[in-house]
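A.B. asks: Have a look at this one.
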Amino acid sequence: MKIINSISEMQQISQAARRAGERIVLVPTMGFLHEGHASLMREGRRRGELLVTSIFVNPTQFGAGDDFDCYPRDLERDCALAAAAGVDLIFAPTAGEMYPVGYQTWVDVEKISLPLCGASRPGHFRGVTTVVTKLFNAVLPHLALFGRKDFQQLAVIRRMTADLNLPVEIVGMPIVREADGLAMSSRNAYLSVEERRSALCLSRALNDARQRYRQGTRAVTELLAGVLAIIGAEPKGVIDYAECRDAETLEEVTTAGDDTLLALAVRIGTTRLIDNCLLGEEN
Ligand code: PAF
């Protein structure tokens, strides 16, 4: 498995693959890969001939005070996981390659970038949409896969791809969880043993809300009251947001339906975790 650092070399490889009639699949990541990423890669392997994973901890999607400097990195381990999942090429540019001196162009999706993570992390999605556009231009994929744990990110990227007529099919993949329900995330590595246990309040709150929904509760205030009670009972958990929104537009809803998104961001100690579900989904 080859590691490419240069954008122009990546483009040349992708252009040759396209000329040979190959379908190029991209799994964009920030590294410190886990089983959630591996599930995207395995699906990507099924869907194309050239499977590329990008590993780039993108500085422009981190705000001041965010965890850019200490974000976990382990390229050697990532390469082993990617190779085992069938990846052909790792695209791992440097920050200087992606944002050279004089860089000044941004991609900004307006409305659906504003609530939820957009409200608590101003500028975050501008960094995401900019880097994803640049990764698309470097790798020239036919298809790109993203996890649904970052539900808003997926919605924003779908909007951007449609609005800019980018010729890339966007595929969203299910959240992968640990056996006890914790959604897989590179940031789980920050959790102490005690915090790891506390972090289960996110999936517990989501499961409880889905159960109440199945039993007939439709008032969002009532569903959220249950969520707040479960997370509030966890001394280490501080809610950043807990909201119900339309899964497509991300607009607020007051009455829940099968396609209502329940999205959570919770600080467990100093680690900010996100998780979500659709209220009507079985599991
Ligand atoms: O989800 C991520 O890991 C990142 O936000 C992404 C899509 C790779 C962009 O840096």
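A.B. asks: Might you report the magnitude of the Cβ-based charge dipole of the chain about its Cα centre, with Lys and Arg at +1 and Asp and Glu at -1, to the nearest 20 debye?
C.D. replies: The dipole magnitude comes to about 340 debye.
A.B. asks: Which value, in debye to the nearest 20, gives the size of the charge dipole of the stretch 8-123 about its Cα centre, when Lys and Arg are +1 and Asp and Glu are -1 at the Cβ?
C.D. replies: 480 debye
A.B. asks: Of all accessible surface on the chain at a 1.4 Å probe, what whole percent is carbon and sulfur?
C.D. replies: Carbon with sulfur: 50 percent of the solvent-accessible area.
A.B. asks: Going Cα to Cα from LYS2, which lysines come in below 22 Å? Please leave out same-chain ones fewer than 8 positions away.
C.D. replies: The reachable lysines, counting only those whose Cα sits under 22 Å from LYS2, are LYS134.
A.B. asks: Along the positive direction of the dipole of the chain (beta-carbon charges: Lys, Arg +1; Asp, Glu -1; about the Cα centre), which of GLY123, SER6, GLY216 reaches farthest?
C.D. replies: SER6
A.B. asks: When only alpha-carbon atoms count, how far does the stretch 128-187 stretch along each of its three principal axes, as whole angstroms with the largest first?
C.D. replies: 40, 19, 18
A.B. asks: List, largest first, the extents of the alpha carbons of the stretch 6-55 along their principal axes, each in whole Å.
C.D. replies: Over the stretch 6-55, Cα extents along the principal axes are 32, 25, 7 Å.
A.B. asks: Accessible surface of LYS236 in the full protein assembly, 1.4 angstrom probe, to the nearest 10 Å²?
C.D. replies: Approximately 80 Å² for this residue.
A.B. asks: Can I ask one more? Across the chain, what fraction of all alpha-carbon pairs, as a whole percent, falls in each successive 10 Å bin from zero upward?
C.D. replies: Taking every Cα pair in the chain, the percentages come to 6, 28, 35, 22, 8, 1.
A.B. asks: Roll a 1.4 Å probe over the protein chains and send me the accessible area per residue for the chain in Å².
C.D. replies: Result: 46 Å² per residue.
A.B. asks: Show that you can apply the helix-only estimate: for the chain, add -39,500 (n - 2.57) for every DSSP H stretch of four or more residues, divide by all residues, and state [θ] at 222 nm to the nearest 500.
C.D. replies: -11500 deg cm²/dmol
A.B. asks: Whole angstrom only: what separates the Cα centroid of the stretch 254-283 from the Cα centroid of the stretch 188-232?
C.D. replies: Centre-to-centre distance over Cα atoms comes out at 8 Å.
A.B. asks: Moving on to the next point. GNM, the chain, Cα, under 10 Å: largest mean-square fluctuation among ASN165, ASN207, ASN188?
C.D. replies: Ranking ASN165, ASN207, ASN188 by mean-square fluctuation puts ASN165 first.
A.B. asks: Just how far, in whole angstrom, is the stretch 162-183 from the stretch 17-59 if you go by their alpha carbon centroids?
C.D. replies: Distance between centres, Cα-based: 12 Å.
The values are calculated or read from the model by the stated rules, or taken from the named source; none is laboratory data. Bear in mind the structure is a predicted one, so any value in this text is a computation, not a measurement. Ideal geometry is used to build each Cβ from the backbone, glycine not excepted, and the neighbour counts take in all protein chains shown. For accessibility, only protein heavy atoms count, side chains too; no ligands or nucleic acids. Shrake-Rupley method; radii C 1.70, N 1.55, O 1.52, S 1.80 Å.
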